[in-house]
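For reference, the structure discussed in these notes is given below.
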Amino acid sequence: LIQFYEKVQALHQDPKASVDNPLLAFSLIKRLHSDWPNVIYSDEATENTQALHAGFKEVEQELPGAEDLDGAARALMRLQDVYALSVKGMANGVFQPAGASRPPLYSPGRRVSLSADDCFHVGKVAYDTGDYYHSIAWLEEAVGLFRLSYGSWNPEDRSSLEDALDHLAFSYFMAGNISHALSLSKEFLHYDPSNRRVARNVAKYEKLLETGMAASAGPLRRPNGTRLQSRDAYEELCQRPGGQPSPEQLPRLSCSYETNGSPYLLLQPAKKEVVRIRPYVALYHDFISDAEAETIKELAGPWLQRSVVASGEKQQKAEYRISKSAWLKDTADPVVRVLEQRIAAVTGLDLRPPYAEYLQVVNYGLGGHYEPHFDHATSRKSPLYRMKSGNRIATVMIYLSAVEAGGSTAFIYANFSVPVVKNAALFWWNLRRNGDGDEDTLHAGCPVLAGDKWVANKWIHEHGQEFRRPCSTDPQD
């Protein structure tokens with residue numbers, strides 16, 4: 001218990017760091033879900049057993065569950081993929097792109113390493129879903145770390161060198177690398193010679209190699225969902241240090257103070273930066289104050305639930321959108337009402353019901369992201385049409401917090417990204433003037449590499465905007 005307490009105390013010298021650093025966040029979730037119970041119920045905890053068990057039972061319902069821990073493991077794999085991070089580097093607390101001479105994407109104030117058991121758990125989550133690309137990388141790291149510490153025992157660990165060798169051997173077998181599966185299985189038998197199942201596997205692998213029936217192992221390929229056709233472009237934009245405009249775009253971009261003809265903005269004009277002309281994207285700096293942002297986060301906090309996406313006529317959870325969200329009416333607080341008035345003044349659009357949706361507040365935590373998508377509906381069967389106010393004509397996305405790394409908004413087809421700018425609001429048109437969806441607005445929320453990203457979305461619909469954004473004389477516009 002003393003050993004476990006000292007480990008926890010060392011990790012949390014800075015309480016805020018456990019939220020910012022994804023490795024600390026993962027180890028915190030894992031400790032609360034499995035490591036702590038392992039210590040409490042271990043044979044070593046002989047003294048004060050009843051008090052230990054009673055204390056744990058009091059808070060057990062509030063602790064992270066298996067779904068939380070597995071989600072945190074998938075988040076680390078997502079960060080590994082999108083930011084091309086080295087698994088060995090991540091295990092050592094370094095966020096360095098694999099095989100690159102570029103500087104680290106994130107340099108925490110204090111480096112935190114993952115244990116062999118931590119790496120095993122990440123690899124096991126991949127293994128259980130048949131994802132051998134990721135399981136091999138993480139289990140290799142776990143095996144290496146277990147070998148270094150073989151003979152020493154931690155009561156909080158659930159796995160061992162034998163477990164890691166067993167899972168890694170089968171991963172290599174499923175990936176077609178029979179010879180490596182054989183050597184790992186033989187190493188397993190060195191530590192546990194009486195294991196009949198692994199002995200049968202050794203005989204099976206030897207026979208496959210002798211008869212030449214073992215297929216040659218090709219390069220391991222990352223699993224890719226069929227829904228994400230633009231993965232390479234998306235990840236390249238997320239890795240880009242900041243959205244720099246192309247030289248031909250520069251002469252047409254500008255910064256200005258805008259009143260937009262609104263008396264509301266006369267004394268404090270909006271600070272507008274035109275980020276792109278096509279699609280039209282503008283960033284309004286200092287759109288919201290620190291106090292307003294904190295109020296909105298506090299209002300939304302108790303109502304946050306896992307975000308859903310439109311799927312046909314229904315809405316459901318999806319791995320390609322990992323976040324929590326809540327909806328706030330303008331009657332929730334005077335701050336929300338004032339914010340809606342400011343959005344209406346800056347955009348010149350009508351936000352009265354039913355012309356706009358409630359304010360959606362979203363929190364992207366550990367590895368939180370939203371893969372490439374359109375905000376407007378691409379099918380008449382979309383739930384968006386239930387409002388009877390047409391499609392989403394425009395988006396206003398307000399950054400309520402800063403992040404240390406990651407979390408950019410990437411526009412895939414337009415080939416640029418906008419980093420998180422605290423208290424700024426990003427605006428773009430989802431539809432052309434003729435009512436067609438603008439394909440160039442395909443965008444994504446890059447995974448949060450370090451920090452806690454909060455945004456507020458305001459989606460404005462077509463109806464009510466007929467004379468505020470009229471059609472042009474060009475039917476293609």
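The values are calculated or read from the model by the stated rules, or taken from the named source; none is laboratory data. Everything quoted here is computed from the prediction, not taken from an experiment. Cβ sites come from the backbone with ideal geometry, for glycine too, and all protein chains shown count toward neighbours. Quick note on the areas: whole protein, heavy atoms, side chains included, nothing else; ligands and nucleic acids left out. Shrake-Rupley method; radii C 1.70, N 1.55, O 1.52, S 1.80 Å.
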Selection of trypsin sites (Lys or Arg not before Pro), segment 437-477, meeting DSSP coil and at most 15 other Cβ within 10 Å: Arg468
Here the net charge surrounding Val94, from other residues whose Cβ is less than 14 Å away from its Cβ (Lys, Arg +1; Asp, Glu -1), is +3
Contour minus end-to-end for Val274 and Asp232, with contour as 0.36 nm per residue of separation and end-to-end as the Cα-Cα distance? 12.5 nm
Within the set of other residues whose C-beta is less than 15 Å from the C-beta of Pro354, count the net charge using Lys and Arg as +1 and Asp and Glu as -1. 0
Quick check: Cα centre of segment 424-464 to Cα centre of segment 149-196, how many Å? 48
Extension gain, Glu6 back to Glu58 (0.36 nm per residue minus Cα-Cα distance, nm): 16.5 nm
Place a point 7 Å from Cα of Cys471 in the direction of its Cβ. Which residues in segment 359-401 have their backbone N less than 17 Å from it? 390-391, 393
On average, how much accessible surface per residue is there in the chain, in Å², for a 1.4 Å probe, leaving out ligands, DNA and RNA? 50
For the chain, give me every cysteine whose Cβ has no other Cys Cβ within less than 4.7 Å, ordered by residue number. Cys119, Cys255, Cys471
Table column - 3J(HN,Hα) (Hz), segment 422-438, Karplus curve with 6.51, -1.76, 1.60, x for Gly and Pro: 3, 6, 8, 10, 9, 10, 8, 8, 7, 10, 6, 5, 7, x, 6, x, 8
Can you tell me the FRET efficiency between Ser107 and Arg352 if r is taken as the Cβ-Cβ distance and R0 is 41 Å, rounded to the nearest 0.05? 0.30
Out of the total accessible area of the chain (probe 1.4 Å, heavy atoms of protein only), what percent is carbon and sulfur? 51
Along segment 117-123, Karplus-curve 3J(HN,Hα) (6.51, -1.76, 1.60; θ = phi - 60°) to the nearest Hz, with x for Gly and Pro, reads 5, 4, 4, 4, 5, 4, x
